[in-house]
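What follows is a single structure, written as structure tokens, with notes after it.
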Amino acid sequence: MVNEYLIPARMGLAIAVKQGQTVRIIDVEGEQVADFAVYQRMDHSERLDPSVTMDALHAYVVGQDDVLYSNKYRPMFTITRDLVQCHDLLNSACRAEMYEFLYQKSGHRSCYENLNEAFGQFGVSKPDQHYTLNIFMNTELLPDGQMLVKRPKSKPGDFIDLRAEMDVIVGISACPCEESIVNGYVCTPLRVQVH
Ligand SMILES: [Zn+2]
């Protein structure tokens with residue numbers, strides 16, 4: 001049985017996922033970033049940790065067959081299929097203050113608030129920040145130390161499959177940033193399937 005969800009543009013979703021289930025995140029129209037945050041089902045002090053994942057993998061790039069680790073160095077997810085092979089571990093979720101800082105816009109929707117709203121139904125209390133795998137986000141590090149955000153490589157219908165390695169609560173935000181090329185300047189929906 002497949003459970004399917006549509007995340008409208010600029011919105012978020014949280015779902016409970018059991019160990020062994022696979023989450024497929026589909027970029028419906030292309031060039032849309034999905035911020036992906038995870039908490040252990042029974043103990044919310046354990047969460048997906050991009051820094052630990054980079055430490056464990058000795059890499060800042062993840063793709064097919066890579067494991068995503070928790071802050072307690074335990075496998076949370078394995079990427080079992082990846083049609084895009086271009087994601088970002090370096091940036092935390094966008095938040096209202098970011099839009100004020102970078103774009104002088106107040107009250108902007110954000111991945112931080114999308115995730116807070118979605119996780120609320122599962123009793124996950126609001127953290128200081130969400131440290132996410134930014135699926136389909138195209139970040140390039142330059143030799144001079146600059147970090148460039150580029151247009152996502154994902155085409156309409158492209159997807160990534162992630163298999164849960166423990167019982168978790170997953171939060172996914174369709175990033176609401178249309179001010180930069182991060183989502184190709186247009187915010188679009190995501191489709192999620194769990195099987
Ligand atoms: Zn965002």
Would you pick out the residues in region 80-134 that are without any contact (Cβ under 8 Å) to a residue 24 or more places away in the chain, farther than 16 Å from residue 172 by Cβ and assigned to a helix (DSSP H, G or I)? 96, 97, 98, 100, 101
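Looking at region 116-139, which of its residues are of a type in the set (Val, Ile, Thr) and within 21 Å of residue 54 (Cα to Cα)?
Matches in region 116-139: 132, 135, 139.
Out of the residues in region 76-134 that are among the charged types (D, E, K, R) and within 16 Å of the ligand (Cβ to nearest atom), state the one that is farthest from residue 176 (Cα to Cα).
So the first thing to find is which residues in region 76-134 are among the charged types (D, E, K, R), and the list is 81-82, 88, 95, 97, 100, 105, 109, 113, 117, 126, 128.
Filter once more, so that each one left must be within 16 Å of the ligand (Cβ to nearest atom): 88, 95, 97, 100, 105, 109, 113, 117.
Details: 88: 16, 95: 10, 97: 14, 100: 14, 105: 13, 109: 6, 113: 11, 117: 14 Å.
This residue is 88.
May I ask you to verify whether residue 192 is touching a residue at least 12 places away in the same chain (Cβ under 8 Å), open to solvent by less than 10 Å² (accessible area, probe 1.4 Å), away from the ligand (no atom under 13 Å from the Cβ) and β-branched (Val, Ile, Thr)? Steps first, answer last, please.
On the way: touching a residue at least 12 places away in the same chain (Cβ under 8 Å): yes; open to solvent by less than 10 Å² (accessible area, probe 1.4 Å): yes; away from the ligand (no atom under 13 Å from the Cβ): yes; β-branched (Val, Ile, Thr): yes.
So residue 192 fits the description; yes.
The values are calculated or read from the model by the stated rules, or taken from the named source; none is laboratory data. Note that the coordinates shown come from a computational prediction; the quantities given were computed from them, not determined experimentally. Positions of Cβ are backbone-derived with ideal geometry, glycine not excepted, and every protein chain shown enters the neighbour counts. The area values use the complete protein model at the heavy-atom level, side chains included, leaving out ligands, DNA and RNA. Shrake-Rupley method; radii C 1.70, N 1.55, O 1.52, S 1.80 Å.
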